[in-house]
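Below is one structure, written out as C-alpha coordinates; comments come after it.
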Amino acid sequence: MRTTRTWLMLSVALIAGLIAVLLASQWLDAKSGSGMTKVAVAATDISLGQRLTPELVQLVDWPSRSLPPGAFQQVDSLEGRVLKTNVLRGEPVLLAKLAPQGTQGGLSAVIGEGRRAITVRVNDVIGVAGFALPGNYVDIIVNTQRDSADNGVRDKTISKIVLERILVLAVAQEVGRDDTKPRVVNAVTLEVTPQQAEKIDLARSVGTLSLVLRNQIDPLAADTTGATKNSLLEQAAVPATSEAPHTPSTKTPLRVKRNTQVVSNSADKSATATKPATYAEATAASTSTTSTTAATTSVASTLPASTAAAPLTCIGVINGLRNAQECY
(Lines give C-alpha, C1' and ligand atoms only; values in the text may rest on other atoms or scores of the structure.)
Protein backbone atom coordinates (compact mmCIF):
# COMPACT_ATOMS: atom_id res chain seq x y z
CA MET A 1 0.00 0.00 0.00
CA ARG A 2 2.76 2.36 0.89
CA THR A 3 4.63 1.50 -2.31
CA THR A 4 1.59 2.32 -4.43
CA ARG A 5 1.16 5.69 -2.73
CA THR A 6 4.83 6.51 -3.26
CA TRP A 7 4.68 5.79 -6.96
CA LEU A 8 1.50 7.83 -7.26
CA MET A 9 3.10 10.87 -5.68
CA LEU A 10 6.15 10.59 -7.91
CA SER A 11 3.97 10.36 -11.00
CA VAL A 12 1.97 13.45 -10.02
CA ALA A 13 5.18 15.41 -9.35
CA LEU A 14 6.65 14.38 -12.67
CA ILE A 15 3.54 15.37 -14.57
CA ALA A 16 3.41 18.72 -12.75
CA GLY A 17 7.07 19.39 -13.63
CA LEU A 18 6.49 18.63 -17.30
CA ILE A 19 3.49 20.94 -17.36
CA ALA A 20 5.55 23.73 -15.74
CA VAL A 21 8.35 23.33 -18.25
CA LEU A 22 5.93 23.42 -21.15
CA LEU A 23 4.20 26.52 -19.88
CA ALA A 24 7.53 28.31 -19.25
CA SER A 25 8.74 27.45 -22.74
CA GLN A 26 5.59 28.83 -24.31
CA TRP A 27 5.86 31.99 -22.23
CA LEU A 28 9.46 32.55 -23.27
CA ASP A 29 8.64 32.00 -26.93
CA ALA A 30 5.81 34.49 -26.72
CA LYS A 31 8.02 36.98 -24.90
CA SER A 32 10.83 36.77 -27.42
CA GLY A 33 8.50 36.80 -30.37
CA SER A 34 6.91 40.07 -29.26
CA GLY A 35 10.38 41.84 -29.41
CA MET A 36 11.12 41.03 -33.09
CA THR A 37 9.95 42.65 -36.30
CA LYS A 38 10.47 42.13 -40.01
CA VAL A 39 13.00 44.36 -41.80
CA ALA A 40 13.92 44.52 -45.50
CA VAL A 41 17.61 43.79 -46.13
CA ALA A 42 19.69 43.27 -49.25
CA ALA A 43 19.69 39.66 -50.46
CA THR A 44 22.98 40.28 -52.28
CA ASP A 45 25.52 43.07 -52.82
CA ILE A 46 23.85 45.97 -54.65
CA SER A 47 25.77 48.78 -56.37
CA LEU A 48 24.79 52.44 -56.31
CA GLY A 49 22.57 53.58 -59.14
CA GLN A 50 20.94 50.17 -59.41
CA ARG A 51 17.16 49.81 -59.45
CA LEU A 52 15.72 47.54 -56.75
CA THR A 53 13.61 44.46 -57.57
CA PRO A 54 11.91 41.92 -55.28
CA GLU A 55 14.71 39.45 -56.03
CA LEU A 56 17.31 41.82 -54.54
CA VAL A 57 15.50 42.33 -51.21
CA GLN A 58 14.32 39.95 -48.48
CA LEU A 59 12.66 40.20 -45.06
CA VAL A 60 14.44 39.08 -41.88
CA ASP A 61 13.68 39.25 -38.16
CA TRP A 62 15.18 42.25 -36.43
CA PRO A 63 15.06 43.28 -32.76
CA SER A 64 12.45 45.95 -32.32
CA ARG A 65 14.52 47.88 -29.81
CA SER A 66 17.43 48.28 -32.30
CA LEU A 67 15.40 48.99 -35.41
CA PRO A 68 17.37 51.48 -37.56
CA PRO A 69 15.60 54.71 -38.62
CA GLY A 70 14.24 54.63 -42.15
CA ALA A 71 14.00 50.83 -42.35
CA PHE A 72 11.35 49.22 -44.55
CA GLN A 73 9.13 46.35 -43.38
CA GLN A 74 7.65 45.49 -46.75
CA VAL A 75 9.42 44.50 -49.96
CA ASP A 76 6.72 46.01 -52.19
CA SER A 77 7.52 49.53 -50.94
CA LEU A 78 11.07 49.23 -52.31
CA GLU A 79 10.27 48.01 -55.79
CA GLY A 80 11.55 50.42 -58.46
CA ARG A 81 13.60 52.57 -56.07
CA VAL A 82 17.21 53.45 -56.94
CA LEU A 83 20.16 53.24 -54.57
CA LYS A 84 22.54 56.18 -54.30
CA THR A 85 25.09 54.25 -52.22
CA ASN A 86 26.37 50.69 -52.21
CA VAL A 87 24.53 48.17 -49.99
CA LEU A 88 26.11 44.92 -48.83
CA ARG A 89 24.37 41.60 -48.36
CA GLY A 90 22.35 41.50 -45.13
CA GLU A 91 22.49 45.28 -44.70
CA PRO A 92 19.14 47.01 -44.10
CA VAL A 93 17.86 49.08 -47.00
CA LEU A 94 17.26 52.51 -45.47
CA LEU A 95 15.47 55.55 -46.81
CA ALA A 96 18.67 57.63 -46.58
CA LYS A 97 20.37 55.28 -49.06
CA LEU A 98 17.70 55.72 -51.72
CA ALA A 99 17.43 58.36 -54.42
CA PRO A 100 14.22 60.43 -54.50
CA GLN A 101 11.21 58.52 -55.69
CA GLY A 102 10.77 58.65 -59.44
CA THR A 103 14.52 58.87 -60.10
CA GLN A 104 15.75 56.80 -63.00
CA GLY A 105 18.66 54.47 -62.54
CA GLY A 106 22.22 55.26 -63.59
CA LEU A 107 24.71 58.00 -62.81
CA SER A 108 22.07 60.74 -62.58
CA ALA A 109 20.70 59.10 -59.43
CA VAL A 110 24.05 59.53 -57.73
CA ILE A 111 24.43 63.27 -58.39
CA GLY A 112 23.61 65.39 -55.36
CA GLU A 113 20.95 68.05 -55.37
CA GLY A 114 22.16 71.30 -56.99
CA ARG A 115 25.22 69.53 -58.44
CA ARG A 116 26.35 68.66 -61.94
CA ALA A 117 28.49 65.94 -63.50
CA ILE A 118 31.26 66.87 -65.93
CA THR A 119 33.82 64.61 -67.59
CA VAL A 120 37.46 65.51 -68.20
CA ARG A 121 39.94 63.64 -70.35
CA VAL A 122 42.87 62.11 -68.48
CA ASN A 123 45.72 59.68 -68.98
CA ASP A 124 48.01 57.67 -66.71
CA VAL A 125 49.76 60.85 -65.52
CA ILE A 126 46.90 63.33 -65.35
CA GLY A 127 44.68 60.72 -63.69
CA VAL A 128 47.18 60.10 -60.84
CA ALA A 129 48.19 56.72 -62.31
CA GLY A 130 44.64 55.41 -61.97
CA PHE A 131 44.30 56.07 -58.22
CA ALA A 132 41.55 58.69 -58.74
CA LEU A 133 38.69 56.27 -58.08
CA PRO A 134 34.97 56.89 -57.50
CA GLY A 135 34.42 58.35 -54.05
CA ASN A 136 37.84 60.02 -53.89
CA TYR A 137 38.46 63.78 -53.81
CA VAL A 138 40.85 65.62 -56.13
CA ASP A 139 42.13 69.14 -56.78
CA ILE A 140 42.35 70.49 -60.32
CA ILE A 141 45.45 72.34 -61.61
CA VAL A 142 45.49 74.27 -64.88
CA ASN A 143 48.66 75.13 -66.79
CA THR A 144 48.11 78.11 -69.08
CA GLN A 145 49.48 81.46 -70.26
CA ARG A 146 48.89 84.77 -68.53
CA ASP A 147 46.81 87.38 -70.28
CA SER A 148 48.86 89.62 -72.60
CA ALA A 149 47.31 92.64 -70.89
CA ASP A 150 49.55 92.06 -67.87
CA ASN A 151 52.16 94.75 -68.47
CA GLY A 152 55.65 94.16 -67.19
CA VAL A 153 55.21 90.37 -66.88
CA ARG A 154 57.83 88.60 -68.97
CA ASP A 155 57.16 85.03 -67.82
CA LYS A 156 53.56 84.29 -68.86
CA THR A 157 53.45 80.53 -68.16
CA ILE A 158 51.71 79.69 -64.87
CA SER A 159 50.30 76.62 -63.08
CA LYS A 160 47.53 77.26 -60.56
CA ILE A 161 45.06 75.24 -58.48
CA VAL A 162 41.65 76.43 -59.64
CA LEU A 163 39.31 73.94 -57.90
CA GLU A 164 39.66 71.97 -54.67
CA ARG A 165 38.00 68.93 -53.08
CA ILE A 166 36.09 67.75 -56.14
CA LEU A 167 34.29 64.40 -55.79
CA VAL A 168 35.03 61.72 -58.39
CA LEU A 169 31.72 60.15 -59.45
CA ALA A 170 32.96 57.67 -62.02
CA VAL A 171 36.02 56.51 -63.93
CA ALA A 172 35.22 55.59 -67.50
CA GLN A 173 31.78 53.90 -67.14
CA GLU A 174 32.32 52.47 -63.67
CA VAL A 175 30.61 54.09 -60.66
CA GLY A 176 31.30 51.41 -58.04
CA ARG A 177 33.18 52.61 -54.96
CA ASP A 178 34.12 49.28 -53.43
CA ASP A 179 37.05 48.51 -55.72
CA THR A 180 40.33 50.03 -54.51
CA LYS A 181 42.50 48.67 -57.30
CA PRO A 182 43.90 51.52 -59.47
CA ARG A 183 42.52 51.76 -62.99
CA VAL A 184 44.12 53.73 -65.80
CA VAL A 185 41.31 55.23 -67.88
CA ASN A 186 40.94 58.03 -70.40
CA ALA A 187 38.02 59.87 -68.75
CA VAL A 188 36.96 60.82 -65.24
CA THR A 189 33.55 62.19 -64.26
CA LEU A 190 33.46 64.78 -61.48
CA GLU A 191 30.65 66.17 -59.33
CA VAL A 192 30.75 69.99 -59.33
CA THR A 193 28.56 73.03 -58.92
CA PRO A 194 27.38 74.91 -62.04
CA GLN A 195 30.01 77.61 -61.46
CA GLN A 196 32.76 75.02 -61.10
CA ALA A 197 31.60 73.33 -64.31
CA GLU A 198 32.08 76.63 -66.16
CA LYS A 199 35.60 77.01 -64.77
CA ILE A 200 36.58 73.50 -65.82
CA ASP A 201 35.23 74.00 -69.32
CA LEU A 202 37.18 77.26 -69.71
CA ALA A 203 40.34 75.84 -68.14
CA ARG A 204 40.57 72.87 -70.50
CA SER A 205 40.09 75.17 -73.50
CA VAL A 206 42.91 77.59 -72.55
CA GLY A 207 45.39 75.13 -71.05
CA THR A 208 45.98 71.61 -69.78
CA LEU A 209 44.37 70.08 -66.69
CA SER A 210 45.92 67.83 -64.03
CA LEU A 211 44.22 65.99 -61.18
CA VAL A 212 45.80 66.04 -57.71
CA LEU A 213 44.62 63.31 -55.33
CA ARG A 214 43.96 64.48 -51.79
CA ASN A 215 43.05 62.94 -48.44
CA GLN A 216 39.33 62.21 -48.15
CA ILE A 217 39.09 63.66 -44.65
CA ASP A 218 41.22 66.75 -45.29
CA PRO A 219 38.88 69.77 -45.59
CA LEU A 220 41.55 72.50 -45.53
CA ALA A 221 41.90 74.76 -48.57
CA ALA A 222 45.32 75.49 -50.13
CA ASP A 223 46.13 79.20 -50.42
CA THR A 224 48.60 79.44 -53.31
CA THR A 225 49.50 82.14 -55.81
CA GLY A 226 50.48 79.78 -58.60
CA ALA A 227 53.88 78.65 -59.85
CA THR A 228 55.88 80.37 -62.62
CA LYS A 229 59.32 79.75 -64.08
CA ASN A 230 60.85 82.44 -61.88
CA SER A 231 59.32 80.99 -58.71
CA LEU A 232 60.31 77.49 -59.79
CA LEU A 233 63.96 78.45 -60.28
CA GLU A 234 63.88 80.99 -57.43
CA GLN A 235 65.21 83.75 -59.68
CA ALA A 236 65.16 87.12 -57.97
CA ALA A 237 65.99 90.38 -59.71
CA VAL A 238 69.26 91.79 -58.32
CA PRO A 239 69.44 95.61 -58.58
CA ALA A 240 72.61 96.92 -60.25
CA THR A 241 74.84 99.01 -57.94
CA SER A 242 76.30 102.13 -59.53
CA GLU A 243 79.70 103.30 -58.39
CA ALA A 244 80.63 106.95 -58.28
CA PRO A 245 83.27 107.85 -60.89
CA HIS A 246 86.75 108.35 -59.51
CA THR A 247 87.72 112.03 -59.50
CA PRO A 248 91.43 112.63 -59.61
CA SER A 249 92.83 114.98 -56.99
CA THR A 250 93.41 118.53 -58.13
CA LYS A 251 95.79 119.37 -55.31
CA THR A 252 99.28 120.35 -56.30
CA PRO A 253 101.69 117.73 -54.97
CA LEU A 254 104.46 118.90 -52.66
CA ARG A 255 107.85 117.28 -52.44
CA VAL A 256 109.50 117.29 -48.99
CA LYS A 257 113.13 116.38 -48.57
CA ARG A 258 114.55 115.61 -45.14
CA ASN A 259 118.12 116.76 -44.27
CA THR A 260 118.72 119.21 -47.01
CA GLN A 261 115.31 118.48 -48.54
CA VAL A 262 114.03 120.79 -51.15
CA VAL A 263 110.31 121.65 -50.98
CA SER A 264 109.14 123.29 -54.14
CA ASN A 265 105.81 124.21 -55.57
CA SER A 266 105.02 123.31 -59.13
CA ALA A 267 103.90 126.88 -59.68
CA ASP A 268 107.45 128.11 -58.95
CA LYS A 269 108.87 125.81 -61.62
CA SER A 270 106.63 127.31 -64.24
CA ALA A 271 107.93 130.83 -63.61
CA THR A 272 110.97 131.27 -65.85
CA ALA A 273 112.74 134.36 -67.21
CA THR A 274 115.53 135.00 -69.70
CA LYS A 275 117.00 138.04 -67.94
CA PRO A 276 118.58 138.57 -64.50
CA ALA A 277 116.26 139.31 -61.64
CA THR A 278 115.82 142.94 -60.67
CA TYR A 279 115.50 144.28 -57.13
CA ALA A 280 111.67 144.29 -57.37
CA GLU A 281 111.61 140.76 -58.65
CA ALA A 282 114.00 139.65 -55.91
CA THR A 283 111.70 141.26 -53.32
CA ALA A 284 108.70 139.44 -54.77
CA ALA A 285 110.66 136.19 -54.77
CA SER A 286 111.56 136.71 -51.13
CA THR A 287 107.88 137.21 -50.30
CA SER A 288 107.01 134.04 -52.22
CA THR A 289 109.75 132.22 -50.37
CA THR A 290 108.25 133.29 -47.03
CA SER A 291 104.84 131.97 -48.11
CA THR A 292 106.42 128.73 -49.25
CA THR A 293 108.17 128.41 -45.89
CA ALA A 294 104.86 128.72 -44.07
CA ALA A 295 103.29 126.13 -46.37
CA THR A 296 106.20 123.79 -45.81
CA THR A 297 105.84 124.14 -42.06
CA SER A 298 102.10 123.33 -42.40
CA VAL A 299 102.85 120.23 -44.52
CA ALA A 300 105.41 119.02 -42.04
CA SER A 301 102.84 119.32 -39.23
CA THR A 302 100.40 117.08 -41.10
CA LEU A 303 102.90 114.28 -41.75
CA PRO A 304 102.75 111.12 -39.64
CA ALA A 305 104.64 110.94 -36.38
CA SER A 306 107.34 108.73 -37.90
CA THR A 307 108.03 111.37 -40.61
CA ALA A 308 107.80 114.58 -38.53
CA ALA A 309 109.58 113.23 -35.50
CA ALA A 310 112.55 115.72 -35.69
CA PRO A 311 111.93 119.49 -36.09
CA LEU A 312 113.06 121.00 -39.39
CA THR A 313 114.69 124.34 -39.98
CA CYS A 314 113.92 125.74 -43.42
CA ILE A 315 115.44 128.74 -45.19
CA GLY A 316 114.66 130.30 -48.52
CA VAL A 317 117.33 129.93 -51.23
CA ILE A 318 117.53 131.86 -54.51
CA ASN A 319 119.59 129.97 -57.05
CA GLY A 320 119.54 131.96 -60.23
CA LEU A 321 116.00 131.81 -61.53
CA ARG A 322 114.93 129.02 -59.16
CA ASN A 323 113.36 129.65 -55.76
CA ALA A 324 113.53 126.77 -53.30
CA GLN A 325 113.45 125.84 -49.63
CA GLU A 326 116.15 123.88 -47.90
CA CYS A 327 115.23 122.30 -44.59
CA TYR A 328 117.74 120.94 -42.02
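The values are calculated or read from the model by the stated rules, or taken from the named source; none is laboratory data. Quantities reported herein were computed from a predicted structural model and do not represent experimental measurements. Quick reminder, even Gly has a Cβ in these numbers, built from the backbone with ideal geometry, and neighbours come from all protein chains shown. What goes into the accessible areas is simple: the full protein's heavy atoms, side chains included, and nothing from ligands, DNA or RNA. Shrake-Rupley method; radii C 1.70, N 1.55, O 1.52, S 1.80 Å.
For region 63-82, a residue qualifies if it is surrounded by 19 or more Cβ atoms within 10 Å (Cβ to Cβ), in contact with a helix residue (DSSP H, G or I) (Cβ under 6 Å, 6 or more places away or on another chain) and either closer than 24 Å to Gly112 by Cβ or without any contact (Cβ under 8 Å) to a residue 12 or more places away in the chain (or both), and the qualifying residues are Phe72, Val82. When Thr189 is tested against (1) assigned to a strand (DSSP E or B); (2) closer than 15 Å to Val142 by Cβ, only condition (2) is not met. Among the residues of region 111-141, those that are open to solvent by 40 Å² or more (accessible area, probe 1.4 Å), part of a loop (DSSP other than H, G, I, E, B), at pLDDT 90 or above and farther than 12 Å from Leu190 by Cβ comprise Gly114, Phe131.
When every residue of region 49-62 is checked against the conditions, at least one turns out to be open to solvent by 30 Å² or more (accessible area, probe 1.4 Å), part of a loop (DSSP other than H, G, I, E, B) and modelled with pLDDT of 90 or more. Here Ser108 fulfils each of the conditions (1) loosely packed, with under 13 Cβ neighbours inside 10 Å; (2) touching a Ser or Thr at 6+ places or on another chain (Cβ under 6 Å) apart from (2). For Asp150, the conditions (1) over 15 Å from Leu209 (Cα atoms); (2) modelled with pLDDT of 85 or more all hold with the exception of (2). Counting the residues of region 64-104 that are touching a Gly at 6+ places or on another chain (Cβ under 6 Å) and of a type outside the set (Val, Ile, Thr) gives 4. Within the set Ala170, Ala197, the sole residue that is in contact with a strand residue (DSSP E or B) (Cβ under 6 Å, 6 or more places away or on another chain) and in a helix (DSSP H, G or I) turns out to be Ala197. Residues in region 175-195 that are charged (D, E, K, R) and loosely packed, with under 14 Cβ neighbours inside 10 Å were compared, and the one that is nearest to Ala129 (Cα to Cα) is Lys181. When you look at Ala96, is it under 60 Å from the mean Cα position of the chain (by Cα), in contact (Cβ under 8 Å) with a residue 12 or more places away in the chain, exposed (fewer than 13 other Cβ atoms within 10 Å of the Cβ) and outside any loop (DSSP other than H, G, I, E, B), yes or no? Judged against the criteria, Ala96 is a match.
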